[in-house]
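Below is one structure, written out as structure tokens; the observations come after it.
The values are calculated or read from the model by the stated rules, or taken from the named source; none is laboratory data. Since this is a predicted model, take the numbers as computed values, not measurements. Glycine also receives a Cβ, built like all others from the backbone with ideal geometry; neighbour counts cover every protein chain displayed.
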Amino acid sequence: MSAAHRPVTTTINGVRHRRTVDARMLLVDFLRHELGASGTHVGCEHGVCGACTVLYDGLAVRSCLLFAPQADGHEIVTVEGLASPRGALHPLQEAFAAAHALQCGFCTPGILITLVAFLAETAEPDEAAVREALSGNLCRCTGYQHIVDAVLLAARRMAAEK
Ligand code: FES
Ligand code: FES
């Protein structure tokens, strides 16, 4: 292993992975190209669009702003990890389908991850809080209203299940 390479042991969607990577490899490229988790999208590559958002120890982070070695010892969840192991969609994914909250879908993985983290912290959000939570994720298709509707629907359904 050269000085330009680093060992990485990380858990992605509940599965432990061990690799040796270029020290400068971005986390998003590690997820997509080394591990095949291509549901995490690459948009701007400089922290603006939110398409690459993943959960990092439960926090929503931009995987284009982290290097792969920074995942060493940490737990990552990508959009592929939101459904249950038996295939049932996350309530937010179901609400996105019900409320027609996506068109091309490019922004959707990052928005789902961002809002899963948001709903974990905010059980009964109002519309203003949802719009604030969405403010770091760009969507070029929907105009956002259906996304907001989906998040409020998911929050109501999740609250009713408690
Ligand atoms: S690709 Fe990471 S924020 Fe745009
Ligand atoms: S659905 Fe197309 S960018 Fe959001």
Can you work out which of the residues in the range 1-15 that are surrounded by fewer than 11 Cβ atoms within 10 Å (Cβ to Cβ) and in contact with a strand residue (DSSP E or B) (Cβ under 7 Å, 6 or more places away or on another chain) is modelled with the lowest pLDDT? Met1
Looking at (1) touching an Asp or Glu at 6+ places or on another chain (Cβ under 6 Å); (2) within 16 Å of ligand 1 (Cβ to nearest atom), which one does Ser135 not meet, given that it meets all the others? (1)
Taking the range 134-162 and keeping residues assigned to a helix (DSSP H, G or I), surrounded by fewer than 16 Cβ atoms within 10 Å (Cβ to Cβ) and within 14 Å of ligand 2 (Cβ to nearest atom) leaves Gln145
Being buried (at least 20 other Cβ atoms within 10 Å of the Cβ) and more than 16 Å from ligand 2 (Cβ to nearest atom) is the filter here; which residues of the range 92-116 pass it? Val116
Failed item, numbered, when Val61 is tested on (1) under 17 Å from Gly136 (Cβ atoms); (2) within 16 Å of ligand 2 (Cβ to nearest atom); (3) under 13 Å from the mean Cα position of the chain (by Cα): (2)
Which pairs turn up if I take residues in the range 45-65 that are under 13 Å from Asp29 (Cα atoms) and assigned to a loop (DSSP other than H, G, I, E, B) and look for partners that are at pLDDT 95 or above and among the acidic types (Asp, Glu) with beta carbon separation below 6 Å, at least 6 apart in sequence or on another chain? Cys64/Glu45
